[in-house]
Structures are given as structure tokens and as C-alpha cells.
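Colleague: Got a structure for you, written out below as C-alpha cells; questions coming shortly.
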Amino acid sequence: MKILLKNAWINDPSSACHGKQMDVLIQEGLISEIGTVLDIPKDAVVVNEEGMEVSPGWLDMRAFFREPGDEQKETIRTGQKAAAQGGFTGVMVMPGTHPAVQTHADVSFIKAKANGFPVDVYPGGALTEHLEGKELAGMYDMKLAGAVAFTDVKKAIGNSGVMLRALQYAGNLGSTVIAYADDPGLTAKLQANESPFTTLLGFKGSPAVAEEIAVQRDLSLVKYAGLPLHLSGISTREAVSRIREAKKSGIPVTAEVYIYHLLLDDTALGGFSSLYKVKPPLRTADDVQALREGVLDGTIDVICSDHSPEDLESKDVEFDYAAYGMISLESFYGVLSAAFGGSLSRERLYEVLVKNPRRILGLEVPTITKGAAASLTVYHPSKEWKFGKEHIQSKSSNTPFIGSTFKGKPLGIYHQGQWITSC
């Protein structure tokens, strides 16, 4: 298949073509030419939208594809289709399936199911057996099968000894540990952020201090062990501040934020819609601003979708009983653009969606150079569009953004020799 990207702005700081408007010709899975006014092969598909940009393929570090165990919510294949619609050429999937991904066979199953579709699926493995935070899982065997990181998903490891051993063992393997920033003793079964607004609504609040305590504990362990850690679920100003100071002091920590925390705050709960029930909960407008600042100044390394499909039986119920989470892959770039309103530079977008996720996971970073394998995301930063059900490729539709108008849209991906257009 031949693809010609016509007059595209190149977003790849590792390439000599970065920041230039050029034509990119792709043939047989390779970037065969980069230049201006290239001859158009007769059988080439031409993509030409004034103002479009192209970067190496985006990678999402956190999504739930629900297979095995909850295929009625999502499968690996429908998750891959959702990722392609959102502009992603690769996704790391969480091990919180039924059963949890904790063996060589479990990892192999996911990789086998993902074959045949041009979105790479990178399995994450359980950090502890059955995600219970007690005994370390078989990380070595999972890594041999292809697990790229280890995490207990959204279950914090309360035992500091277990957490330290996890860091040490994963460090010996050269693997990434991803820790969820939470103190479950302060947040168990709580539904929303603890703030004056949610208190007036009658919610039992989850205090921000629970995240801050967890972040500080984990930073202390990282400093003691001298081994890297990736923090997930960052949602408060104080957590951002502590990570910023830790980085300045040389502590080897990286962090991620979920896409919806960059746009929504806890006032969205005014209508009691369970579509806004997420974990960690939506915080205050001040926290949202701190998260944006953290992305812009490099404190936060990665922006994740936290794509969490849920069926009607799990979501369309009273708020107290609803499952946490929303689908986020298909609407990702629109939400990202709405959150930053043009203040996120091309270079910073490249870092949080292309370079940093792969660096943290130990994966090769693709590049836009002649002769390189083509792994590309094509997007338009100013294209206006209305997010509708027709854009949803997931088996679930638990998102509050249906009907929202966004400025900024993915146009398609090219990966593994195939071009997939975003609708």
C-alpha cells in the first residue's frame, strides 16, 4: 500500500525534518521519500488537509481492554479499533482482567489475540499475585513472554516492604514498576473528591491527602533504593509539587496523568451522572490547573487515556453503585486540545505521547526519516468536529463527551504497513 501525506507539518524533534511542511511518501511499510512536490504514484492514497501534522505513532500507557473475563465490555480487538480511532499506534493494557495477567501464558494470550491488527498491544503484568499486594508475582516469566511493565493497576501496595522488594526485583530485571498513588485506608468505598462543593451535594469525599501520603511514601522508597518508579493516578496539586521537588533532587521518578483530569473538575458531579465517576475522582479546578502546569513544565511525563469500558449494567445505575471509569481513547486528542487550548507545543506533545511512554517502558522510539519503518499518527490541531456515537469503536459507550464539539482531531494512523482513517 502506498500513502502520500501531502503538505504535512512534521512533528519529530529527532528528525532533521522537524517543524517543516513536507510531503511524506510511504511504500511497503517504509518512508521512501520526504520532500516537497513529490511525484504522486498512480495507486497511492493521498491524504491532504491544510494544516495537518504528522508525528511518530502515539503510545498510550494505560488502557483496559477487559479480555479475558469481561468481553461484554471490551475485547482486545475492539480496544485496538478504539485506539486507532484515537490516533494511537500502540497501547499498554492493564493486567486487571479476570483472571489477572500474572503468568507467562496470560501474557502470551494477550499478545496472540492482538496479532493481525495494526495497533501494537503491550501487556502489563501483575506486580503482586492476584493484585492483592502480598506476594510478588512471577515477573521474570512474564517479562520473558513480553510484559513491558508491572503494576497492581489501581490497587496501592500498602505494605512498604512488599513495595521495596518489588522495586528491587524489577530493577534487577530492568523492568518498570508502576504504582498507583493512593492510601486505601483513607479512600475505600468513597465516591468523589472531598471538597466544599461535593460535601454540599452529599458525597462522602475522598481526601487529596490520601494521594499525597502515597506519593511521599513511594518517593522515600525510591530515594532509599535508588531505583526508578513510575507513579500513576496523579490528580492533586500537592502531589505534582512533591514530584517536581523530587525530580529536582535527582530522585528517579516519572509520573502520568489521566486525560480527563486535565479538563474536568468535581463541579461536573452537579448532575450526579455516573459517567463522571472515575478513580481517582475528579478534583478541584485548582488541582486541574496544577496538573496542566505539571505537563507543561515536564513534572508529569506522560498523559494516558485510562480507557475504562463499562457496560450499562455496571454504569447506568445509582452513583454509589456505578463502576469507576470512562472510555477515553476515541475522544483523547479532542479532550487534550480542549484542556490546553493551544498552549501545548508540538515538542511537548511529542514528548508526552511518543517519546516518554516508550522511554519509560524500554521501547524503541520511531522516527520520521527516509528509509525508516513508517509508524505514524496524522492529526489536525485546529479541525473542529463533534464527537458522536459514530466515532466510538469500543463495545462500551460510557463517556460524558458524546455531543461535545472539539478543536483538534486525529485523521488516521499508519502502522505495520496499513493505513486506518479516523472517522
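Colleague: For the chain, what does the convex hull of the Cα positions come to per residue, in cubic angstrom?
Modeller: Expressed per residue, the convex hull around the Cα atoms of the chain is 128 Å³.
Colleague: So, one more: Most mobile of ALA210, ALA188, ALA105 per a Gaussian network model of the chain (Cα springs, under 10 Å)?
Modeller: Among ALA210, ALA188, ALA105, the largest mean-square fluctuation in the Gaussian network model of the chain belongs to ALA188.
Colleague: Further, regarding this structure: Amide H to amide H, which residues 5 or more places from HIS307 or on other chains are under 5 Å from it, using H placed in the peptide plane?
Modeller: Here the answer is PHE64, SER328, since their amide H atoms fall under 5 Å of that of HIS307.
Colleague: Using alpha-carbon pairs under 8 Å, 6+ residues apart, how would you state the relative contact order of the stretch 158-277 in percent?
Modeller: 26 percent
Colleague: Can you compute the radius of gyration and Dmax for the stretch 147-190, using only the Cα atoms, both in Å?
Modeller: 11.6, 37
Colleague: To continue, here is another question. With the calculation restricted to Cα positions, what are the radius of gyration and Dmax of the stretch 100-256 in angstrom?
Modeller: Gyration radius and largest Cα-Cα distance of the stretch 100-256: 17.0, 51 Å.
Colleague: If you don't mind, there's one more thing I want to ask. Only Cα pairs within less than 10 Å get springs; with that Gaussian network setup on the chain, which residue of ALA374, ALA83, ALA112 has the largest fluctuation?
Modeller: ALA112
Colleague: Calculate how large, on average over all directions, the projected area of the Cα convex hull of the stretch 1-64 is; give the answer in nm² to one decimal.
Modeller: Quarter of the Cα hull surface area: 5.7 nm².
Colleague: Ok, one more. Just going by the charge dipole of the chain, with Lys and Arg at +1 and Asp and Glu at -1 on Cβ, which of TYR333, SER394, GLN27 is farthest out on the positive end?
Modeller: It is GLN27.
Colleague: Sticking with this structure for a sec: Provide the per residue accessible area, probe 1.4 Å, for the chain, rounded to a whole number of square angstrom.
Modeller: I get 38 Å² per residue for this part.
Colleague: What angle do you read, to the nearest 10 degrees and between 0 and 90, between the alpha-carbon axis of helix 208-225 and the longest principal axis of the chain?
Modeller: 80 degrees
Colleague: Further question: Where does each of 247-256, 59-68, 411-420 land if you order them by average Cβ count within 10 Å, highest first?
Modeller: 59-68, 411-420, 247-256
Colleague: From the helices alone, meaning DSSP H stretches of at least four residues, give me the mean residue ellipticity at 222 nm for the chain, per-run term -39500 (n - 2.57), in deg cm²/dmol to the nearest 500.
Modeller: My calculation for the chain gives -8000 deg cm²/dmol from helical runs alone.
Colleague: Could you tell me which of the pairs LYS73/LYS189; LYS155/LYS395; LYS247/LYS409 are separated by over 28 angstrom between their Cα atoms in the structure shown?
Modeller: Listed pairs above 28 Å: LYS247/LYS409.
Colleague: Let me ask another. Here are some pairs, LYS6/LYS111; LYS2/LYS279; LYS223/LYS370; LYS2/LYS111; which of them have Cα atoms lying more than 31 Å apart in this structure?
Modeller: Among LYS6/LYS111; LYS2/LYS279; LYS223/LYS370; LYS2/LYS111, the Cα-Cα distance tops 31 Å for LYS6/LYS111; LYS2/LYS279; LYS223/LYS370.
Colleague: Taking θ = phi - 60°, what integer Hz values does the Karplus form 6.51 cos²θ - 1.76 cosθ + 1.60 yield along the stretch 384-391, in sequence order, with x for Gly and Pro?
Modeller: 8, 7, 10, 6, x, 4, 5, 8
Colleague: Continuing with the same structure: Which one, ASN48, GLY79, ALA105, projects farthest toward the positive side of the charge dipole computed for the stretch 47-105 from Cβ point charges (K/R +1, D/E -1)?
Modeller: ALA105
Colleague: Leaving out same-chain residues fewer than 8 places away, which aspartates and glutamates sit with a Cα under 13 Å from that of LYS407?
Modeller: In chain and number order, the partners are GLU384.
Colleague: If you add up the charges near THR151, with Lys and Arg at +1 and Asp and Glu at -1, over every other residue whose beta carbon is less than 13 angstrom from its beta carbon, what do you get?
Modeller: Every neighbour counted, the sum reads -2.
Colleague: Among residues other than ILE327 whose Cβ falls under 9 Å from its Cβ, what is the net charge (Lys/Arg +1, Asp/Glu -1)?
Modeller: -3
Colleague: Could I ask something else about it? Tell me the angle of helix 76-86 to the major Cα principal axis of the chain, expressed in degrees between 0 and 90 and rounded to the nearest ten.
Modeller: So the inclination is approximately 70 degrees.
Colleague: Report relative contact order for the chain in percent, whole number only (criteria: Cα-Cα under 8 Å, sequence separation at least 6).
Modeller: Value for the chain: 20 percent.
Colleague: GNM on the chain, C-alpha springs below 10 Å: top fluctuator among ILE40, ILE259, ILE303?
Modeller: Among ILE40, ILE259, ILE303, the largest GNM mean-square fluctuation belongs to ILE40.
Colleague: Would you compute, for the Cα atoms of the stretch 37-124, the largest minus smallest coordinate along each principal axis and list the three values in descending order, in whole Å?
Modeller: Principal-axis extents of the Cα atoms in the stretch 37-124, largest first: 53, 24, 22 Å.
Colleague: Computed over the Cα atoms, what is the radius of gyration of the stretch 357-398 divided by 2.2 N^0.38 Å, N being its residue count?
Modeller: Scaled against compact globular proteins, the figure is 1.75.
Colleague: Related question: Once neighbouring chains are kept in place and the probe is 1.4 Å, which whole percent of the accessible area of the chain is contributed by carbon and sulfur?
Modeller: 51 percent
Colleague: Taking the Cβ of LYS6 as the centre, find all other residues whose Cβ is under 11 Å away and add up their charges (Lys, Arg: +1; Asp, Glu: -1).
Modeller: Once all neighbours under 11 Å are counted, the net charge is -3.
The values are calculated or read from the model by the stated rules, or taken from the named source; none is laboratory data. Remember, it's a predicted structure, so these values are computed and weren't measured experimentally. Reconstructed Cβ throughout: ideal geometry from the backbone, glycine too, with neighbour counts over all protein chains shown. Accessible surface areas use protein heavy atoms only, side chains included; no ligands, DNA or RNA. Shrake-Rupley method; radii C 1.70, N 1.55, O 1.52, S 1.80 Å.
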